[in-house]
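Where a number appears in this text, it was derived from the coordinates with a stated rule and is not lab data. Being a predicted model, the structure only gives us computed values, none of them experimental. So basically every Cβ, Gly included, is an ideal-geometry build from the backbone, and we count neighbours across all protein chains shown.
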Amino acid sequence: MTVKLKCIADICLIPIGTPTPSVSKYVVACEKLIRNSGLTSKLHSAGTTIEGPWSEVMDLIGKLHEEVHKMDILRVQSDIRVGTRTDKSQTMEDKVNSVETQLSKN
């Protein structure tokens, strides 16, 4: 099913059963896929924010899971927060700028 609704998704993908506490190699593999997807994204300390059409974002999240499983991880957990708006177009940058503007007025 194709959903044309635009969304902003924040995802934290958690590989379970890694041989060491470090997960940076899994983050790197995921970030390569995200950056090559053509969708707008922003890496942060606890995950990545991705914006675009709902179906494309969700398809990408599935591909991220597949990529980590290919790295011999048997279980992958994701924490995902997704927001949509229909009253106006708004990017993740717009949302941050709105708060920063209000903070600068106080």
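Only helical DSSP H runs with n ≥ 4 go in: add -39500 (n - 2.57) per run for the chain, normalise by residue count and round the 222 nm mean residue ellipticity to 500 deg cm²/dmol.
-13500 deg cm²/dmol
Take each uninterrupted DSSP H stretch in the chain, measure its Cα extent along the helix axis, and return the ones at 20 Å or beyond whose mean Kyte-Doolittle hydropathy is at least -0.5.
54-70
What FRET efficiency would be calculated for the residue pair Thr2, Asp87, taking the C-beta separation as r and a Förster radius of 22 Å, to the nearest 0.05?
About 0.50, to the nearest 0.05.
For a test of understanding, tell me how many lysine pairs in segment 37-106 have Cα atoms under 27 Å apart, given they are 8 or more places apart or on different chains.
On the way: Lys42/Lys63; Lys42/Lys70; Lys42/Lys88; Lys42/Lys95; Lys42/Lys105; Lys63/Lys95; Lys88/Lys105; Lys95/Lys105.
Qualifying lysine pairs in segment 37-106: 8.
Quick check: pseudo-label points 7 Å beyond the Cα along Cα→Cβ at Asn106 and Ser78, how many nm apart are they?
For the pair Asn106/Ser78, the computed spacing is 3.4 nm.
Computed from the coordinates I sent, Kirkwood radius over Cα pairs in Å equals one of (1) 14.5; (2) 13.5; (3) 15.0. Tell me the label.
Checking each listed value against the structure points to (3).
Between Glu51, Glu93, Glu31, where does the largest GNM mean-square fluctuation fall for the chain, given springs only between Cα atoms within less than 10 Å?
Comparing Glu51, Glu93, Glu31 in a Gaussian network model of the chain, the most mobile one is Glu93.
On a straight-distance basis, which aspartates and glutamates could pair with Lys32 in a cross-link, Cα separation under 20 angstrom, same-chain partners fewer than 8 positions away excluded?
Leaving aside aspartates and glutamates fewer than 8 places away in the same chain, those within reach of Lys32 are Asp10, Glu51, Glu56, Asp59, Glu66, Glu67, Asp72, Asp79.
With contacts defined as alpha carbon pairs under 8 Å and 6 or more residues apart, what's the relative contact order of the chain in percent?
42 percent
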